[in-house]
Amino acid sequence: MAGKILSYKLSSGYEIPMIGLGTYARKADTGQFRQAVEWGIEAGYRHIDTASCYKNEEEVGEAISNKIYQGIVSRQDLFVTTKLWNDSHAEQDVIPALKSSLNRLKLDYVDLYLIHWPVSVNSMGEDMKIDFVETWRGMEAAVKEGLVKSIGVSNFNEEQLTRLLQNAIIKPVVNQFEINPTLTQHKLVDFCKKRSIMPVAYTPLGLISEARPEFIGKDAIKTDPKLGEIAKKYKKTRAQIALRYLIQRGVAVLPKSFTKSRIEENLNIFDFELSEQEMAIVDSYNIDHRCVPGTAFCRHNNYPF
Ligand SMILES: NC(=O)C1=CN([C@@H]2O[C@H](COP(=O)(O)OP(=O)(O)OC[C@H]3O[C@@H](n4cnc5c(N)ncnc54)[C@H](OP(=O)(O)O)[C@@H]3O)[C@@H](O)[C@H]2O)C=CC1
Ligand SMILES: O=C1CO[C@H](CO)[C@@H](O)[C@@H]1O
């Protein structure tokens, strides 16, 4: 891997590597998550993003245990994030849900625990209308029990972050939300930074990713020659330029791949710098298009978008 991975000091005092390996997949073969995380750690990733709803924490945990056992990394070298699912938002459900995640991950703490969505549901998917401030009390208790180093949120909008900050004893250190060249999110990124909340980009490749035939017609970014020229100049791919653009905006990125060469490629973004003009070109692909609109929750209380 060329170039040292940058990291950022969170408001909790812990360092978060600016790139993490995403692990969500709608479909996967048995062992595919484990294999991807093992390749990731071998390639140099030290930050892994999972969630209880991804149903892959066991395989992610196996990969981590294997790499620790093989002496490739120690637990302290890794930054592991997992997320509280929407069906465990009652204050008393947070620690049991986290303990189940830790059990599946075979870890005794995670570095970051996030409220996955500001929306609460029951096992039938019905809206439970639980206030996320109540959920936050459970998150704070998890810090006090030493089960997690830092806590944060995902898919929260400005209004929700404001209410949370007004009511939090331990402040959220991260908001994880969709950010990429076709959904640049300048307003929410600036809002978070001003409040010492680190913006972390999910779906950082957005419409660049080849596996999204449903977006044909909106994906000029895949073929536009201006981006091709920038990529050629630095001997990088369009995906690497998109990731570098986010890093230079001070946004951490979580690219997911099951392909060994892409896992390595996505990490190889720390040995070049885009000019201001090139940053503006990448920025110009914005069409405010959400790849992850969370439509399953669009009629729920606290739907964020
Ligand atoms: N908090 C939240 O609500 C959400 C969190 N997330 C997190 O963010 C992570 C990343 O988001 P995700 O939606 O997976 O989207 P990504 O932007 O990471 O895109 C993933 C897709 O891009 C392909 N890909 C990966 N690298 C390259 C490359 N270099 N060139 C071309 N194609 C590439 C992958 O294919 P292949 O695997 O075949 O290589 C895969 O199909 C998730 O895995 C998850 O951890 C995601 C969505 C919501
Ligand atoms: O984290 C996640 C992974 O992707 C899913 C579907 O696109 C999202 O709903 C979820 O929030």
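Some values worked out for this structure:
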{"quantity": "Criterion violated by residue 32 - all others in (1) under 26 Å from residue 88 (Cα atoms); (2) surrounded by fewer than 19 Cβ atoms within 10 Å (Cβ to Cβ); (3) in contact (Cβ under 8 Å) with a residue 12 or more places away in the chain satisfied", "calculated": "(1)"}
{"quantity": "Which numbered condition residue 257 misses (of (1) hydroxyl-bearing (Ser, Thr, Tyr); (2) more than 10 Å from ligand 1 (Cβ to nearest atom); (3) under 18 Å from the mean Cα position of the chain (by Cα))", "calculated": "(2)"}
{"quantity": "Any hit, region 95-107, residues being touching a strand residue (DSSP E or B) at 6+ places or on another chain (Cβ under 7 Å), of a type outside the set (Asp, Glu) and not in a helix (DSSP H, G or I)", "calculated": "yes"}
{"quantity": "Region 184-213 - residue that is open to solvent by less than 10 Å² (accessible area, probe 1.4 Å), within 11 Å of ligand 1 (Cβ to nearest atom) and not in a helix (DSSP H, G or I) and, of those, nearest to residue 12 (Cα to Cα)", "calculated": "200"}
{"quantity": "Residues of region 50-102 that turn out to be of a type in the set (S, T, N, Q), under 21 Å from the mean Cα position of the chain (by Cα) and more than 16 Å from ligand 2 (Cβ to nearest atom), as a count", "calculated": "2"}
{"quantity": "Subset of region 214-264 [assigned to a loop (DSSP other than H, G, I, E, B), crowded, with 16+ Cβ neighbours inside 10 Å and at pLDDT below 95]", "calculated": "219"}
{"quantity": "Residue in region 10-17 that is out of contact with any strand residue (DSSP E or B) (no Cβ under 9 Å at 6 or more places or on another chain), on the phi < 0 side of the Ramachandran plot, away from ligand 1 (no atom under 14 Å from the Cβ) and of a type outside the set (Lys, Arg) present", "calculated": "no"}
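The values are calculated or read from the model by the stated rules, or taken from the named source; none is laboratory data. The structure displayed is predicted, hence computed values, not measured ones. Glycine also receives a Cβ, built like all others from the backbone with ideal geometry; neighbour counts cover every protein chain displayed. Side chains are part of the model used for accessible areas, which takes the heavy atoms of the whole protein and leaves out ligands, DNA and RNA. Shrake-Rupley method; radii C 1.70, N 1.55, O 1.52, S 1.80 Å.
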